[in-house]
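See below for the structure under consideration.
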Amino acid sequence: MARRLLFLYALSLTISLSAQYYPSRNDWQSKAPSSIGLKQASVDEAVQFALDNEYSGQTDLRLAILESFSHEPYHELQGPTKDRGEPTGMIIKDGYVVAEWGDIGRVDMTFSVTKSYLSTTAGLALDDGLIRSVKDKVNEYVWDKTFDGDHNSKITWEHLLHQTSDWSGSLFGLYDWADRPSRDGKLDDWRYRELKEPGTSYKYNDVRVNVLSYSLLNVWRKPLPQILKERIMDPIGASTTWRWYGYEDSWTTIDGQQMQVVSGGGHHGGGLFINTEDHARFGLLFARKGKWNNQQLISEQWTAMIQTPAVAYESYGYMWWLNKGPRAWDGLPDHLFYAAGFGGNFIVVDQKKDLVIVTRWLEPSKIGEMVKLVYNGLE
């Protein structure tokens, strides 16, 4: 009898998991929040909050970028930009749309949310055995001078993913030390700073993120947007409107062919240009631990690994932010993780609640309050 009950329980669990709803390519079903464990009033309040707290920066993102990074020496735009739209977003519960606002089909820049997509191409390389371990030194895979020297030769894939590498050098004319330098130093202080042992110090740095992109291109031997499209975006039913750009001069030769090294953000222009609904599909894939319908697109192991905090900074995983450490949002569970980008672009994922929140052009300091309004409505 006990064995039969165990079998029936396992069967019911299997049926329950297989019954999870996934949107088709051209149809995403909606449900009233109250029908799937959310209070309508709380959802409405969260949506109104997002609309009322629009990002205060310029709608002309060329100006917004140049103003925001004006303290950086030699900073200039090297990739494409696009004027932004109005506040937009979606709330997804149990796979269903419970709220949407703005033009969810509009393609916009998404800045450093791109980093979480870049991280995904690293996860796929690990799944495929192209990278044996994130603990491996990158110079075992990239044999040019990018990782030469006593310091750079120590850098592992994990250091790059955690932004704790302190990689030193230049890539496509951009110097690591010129990216977000301290405000109280001068040019020579930045240029001749003491390097930190890889893994011991966290520093958000787009040049080093682009070094990761360059290194992954050397491993894949084909453009990263092609990998993302074939392995992730097409299978989840994403649109064909998204684009992933690099810089005007971020080209390299792989096996005799010119390929662009795409950027991990829009700091100098470029990065991922994408609509809100495609973001929501991507978030749902990670809410479901890498599974879409009956297909494991990226390993469940990887979706757990991205939530591994950097030793040097508990709030950061493998190019996903974690709701832990100094940047934790008050009153919200510590198992949340999210992608974040300049201008108030966010994809928030809760695997335990099967919940995804995408919000765009929200004043960045308001994201914790907005998410908390949604959680106030969870029954």
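What's the number of the only condition in (1) of a type in the set (D, E, K, R); (2) modelled with pLDDT of 95 or more; (3) not in a loop (DSSP other than H, G, I, E, B) that Asp27 fails to meet?
All conditions are met except number (3).
Can you pull out every residue in segment 102-125 that is more than 10 Å from Gly341 (Cβ to Cβ), among the hydrophobic types (A, V, I, L, M, F, W, C) and open to solvent by less than 10 Å² (accessible area, probe 1.4 Å)?
Within segment 102-125, Leu118, Ala122, Leu124, Ala125 qualify.
Glu158 is checked against (1) of a type in the set (D, E, K, R); (2) touching a Pro at 6+ places or on another chain (Cβ under 8 Å); (3) not in a loop (DSSP other than H, G, I, E, B) and fails just one. What number does that condition carry?
(2)
Of all residues in segment 283-300, count the ones that are free of Cβ contacts under 8 Å to residues at least 12 places away in the same chain and either small (Gly, Ala, Ser) or in contact with a Leu (Cβ under 9 Å, 6 or more places away or on another chain) (or both).
1
Consider Ile254 against the criteria (1) modelled with pLDDT of 95 or more; (2) under 20 Å from Leu212 (Cβ atoms); (3) in contact with a Phe, Trp or Tyr (Cβ under 8 Å, 6 or more places away or on another chain); (4) not basic (Lys, Arg): it satisfies all of them except one. Which criterion is unmet?
(3)
Take the residues in segment 69-112 that are modelled with pLDDT of 95 or more and polar (S, T, N, Q); name whichever of them is farthest from Ser213 (Cα to Cα).
Within segment 69-112, the match that is farthest from Ser213 (Cα to Cα) is Thr88.
Any residue in segment 24-38 that is surrounded by 15 or more Cβ atoms within 10 Å (Cβ to Cβ) sitting within a Cβ distance under 6 Å of a residue that is modelled with pLDDT of 95 or more and of a type in the set (Ser, Thr, Tyr)? List the pairs, counting only those 6 or more apart or interchain.
Lys31/Tyr96
Is it true that Glu45 is touching a residue at least 12 places away in the same chain (Cβ under 8 Å), out of contact with any strand residue (DSSP E or B) (no Cβ under 9 Å at 6 or more places or on another chain) and not in a loop (DSSP other than H, G, I, E, B)?
On the way: touching a residue at least 12 places away in the same chain (Cβ under 8 Å): yes; out of contact with any strand residue (DSSP E or B) (no Cβ under 9 Å at 6 or more places or on another chain): yes; not in a loop (DSSP other than H, G, I, E, B): yes.
Considered against the rule, which asks whether it is touching a residue at least 12 places away in the same chain (Cβ under 8 Å), out of contact with any strand residue (DSSP E or B) (no Cβ under 9 Å at 6 or more places or on another chain) and not in a loop (DSSP other than H, G, I, E, B), Glu45 comes out as yes.
For Trp167, all conditions in the list (1) part of a loop (DSSP other than H, G, I, E, B); (2) in contact with a Lys or Arg (Cβ under 7 Å, 6 or more places away or on another chain); (3) over 20 Å from His268 (Cβ atoms) hold save one; what is the number of the exception?
Trp167 satisfies every listed condition except (3).
Would you say Thr81 is assigned to a helix (DSSP H, G or I), surrounded by 19 or more Cβ atoms within 10 Å (Cβ to Cβ), in contact with a strand residue (DSSP E or B) (Cβ under 6 Å, 6 or more places away or on another chain) and not hydrophobic (A, V, I, L, M, F, W, C)?
So Thr81 does not fit the description; no.
List the number of the failed condition for Gln58; all other conditions in (1) buried (at least 16 other Cβ atoms within 10 Å of the Cβ); (2) touching a residue at least 24 places away in the same chain (Cβ under 8 Å); (3) farther than 17 Å from Gly265 by Cβ hold.
Here Gln58 clears every test but (2).
Please list, ordered by first then second residue, the pairs with beta carbon atoms under 6 Å, 6 or more apart or interchain, first in segment 68-94 and charged (D, E, K, R), second modelled with pLDDT under 95.
Pairs that qualify, where the first residue is charged (D, E, K, R) and the partner is modelled with pLDDT under 95, are Glu72/Ala178.
Read through the list (1) out of contact with any strand residue (DSSP E or B) (no Cβ under 8 Å at 6 or more places or on another chain); (2) closer than 27 Å to Gly265 by Cβ; (3) open to solvent by less than 60 Å² (accessible area, probe 1.4 Å), then give the number of the only condition that Gly95 fails.
Result: Gly95 fails condition (2) only.
Taking Ser182 as the residue in question, decide whether it is surrounded by fewer than 17 Cβ atoms within 10 Å (Cβ to Cβ), at pLDDT 95 or above and in a loop (DSSP other than H, G, I, E, B). Quick ask: steps written out before the conclusion?
On the way: surrounded by fewer than 17 Cβ atoms within 10 Å (Cβ to Cβ): yes; at pLDDT 95 or above: no; in a loop (DSSP other than H, G, I, E, B): yes.
For Ser182, the condition - surrounded by fewer than 17 Cβ atoms within 10 Å (Cβ to Cβ), at pLDDT 95 or above and in a loop (DSSP other than H, G, I, E, B) - is not met.
The values are calculated or read from the model by the stated rules, or taken from the named source; none is laboratory data. Since the structure is predicted, the reported quantities are computational estimates derived from the model, not experimental observations. Heads up, the Cβs are rebuilt from the backbone with ideal geometry, glycines too, and the neighbour counts pull from every protein chain shown. These accessible areas exclude ligands, DNA and RNA; they are computed on the full protein's heavy atoms, side chains included. Shrake-Rupley method; radii C 1.70, N 1.55, O 1.52, S 1.80 Å.
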